[in-house]
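Colleague: Quick one: this structure, given as structure tokens, is what I'll be asking you about.
The numbers here are math on the coordinates, done by the rules we state, and not lab data. Since we're looking at a predicted model, the values are computed, not measured. Positions of Cβ are backbone-derived with ideal geometry, glycine not excepted, and every protein chain shown enters the neighbour counts.
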Amino acid sequence: MKHQGRSMTKRTGGRIKPARNKKRYEQGREASETTVGEPRFQTIDSRGNATKTRALSTNVAQISDGAETVHGEIIGVEDNPANVNYKRRNIITKGAIITVEVDGEEKEARVTSRPGQDGQVNAVFE
């Protein structure tokens, strides 16, 4: 879990007592943990007059090989450096290595987008 806000200890090891509680916009949310499966999305309000589309699950990826972009179907997660358990649970995050089917053949690609923030999976061939 990422720590949001300032550290609760000083460099010397002493404790900093918080002057106030977190505001609502400082709080953060649970991770969406995008899985491989039938596409499901969730729209959430973000700060200002904006919205974010979160991908709760998806099986489609846009893969770039430098010159052109092709669409592929996600088969599974091959490796995920963010968390060792994400591979078993088929959770897609930025940096994950996924197996995709493009034109009838299986290839590996590395995810370059943040599906929980962007609502889509962009990747590049390995």
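Colleague: Gap in Å between the Cα centre of region 1-51 and the Cα centre of region 66-113?
Modeller: Region 66-113 and region 1-51 have Cα centres spaced 26 Å from each other.
Colleague: Follow-up question, since we're still on this one. How far is it, in nm, from the label point at ILE44 to the one at VAL84 when both lie 7 Å from their Cα along the line to the Cβ?
Modeller: 2.8
Colleague: Quickly estimate the mean residue ellipticity at 222 nm for the chain, helices only: each DSSP H run with n ≥ 4 gives -39500 (n - 2.57), and the total goes over all residues, rounded to 500. Kindly include the intermediate steps, with their values, before the conclusion.
Modeller: Numbers: 2 runs with 10 residues, N = 126.
One gets -1500 deg cm²/dmol as the mean residue ellipticity at 222 nm.
Colleague: List the relative contact order of the chain as a percent without decimals, with contacts defined as Cα pairs under 8 Å and 6+ residues apart. Walk me through the numbers before you get to the answer.
Modeller: Numbers: 261 pairs, mean separation 26.3, N = 126.
After rounding, I find 21 percent.
Colleague: Give a quick list of trypsin sites (Lys or Arg not before Pro) in region 9-87 that DSSP marks as loop, anything other than H, G, I, E or B, with at most 15 other Cβ atoms within 10 Å.
Modeller: Numbers: sites: LYS10, ARG11, ARG15, ARG20, LYS22, LYS23, ARG24, ARG29, ARG40, ARG47, LYS52, ARG54, LYS87; in loops: LYS10, ARG11, ARG20, LYS22, LYS23, ARG29, ARG47.
Answer by residue number: LYS10, ARG11, ARG20, LYS22, LYS23, ARG29, ARG47.
Colleague: Of [x] -0.37, -0.87, -0.94; [y] -0.30, -0.86, -0.97; [z] -0.49, -0.93, -0.99, which is the value of log10 I(q)/I(0) by the Debye sum over Cα atoms at q = 0.11, 0.18, 0.19 Å⁻¹ derived from the coordinates here?
Modeller: The value matching this structure is [z].
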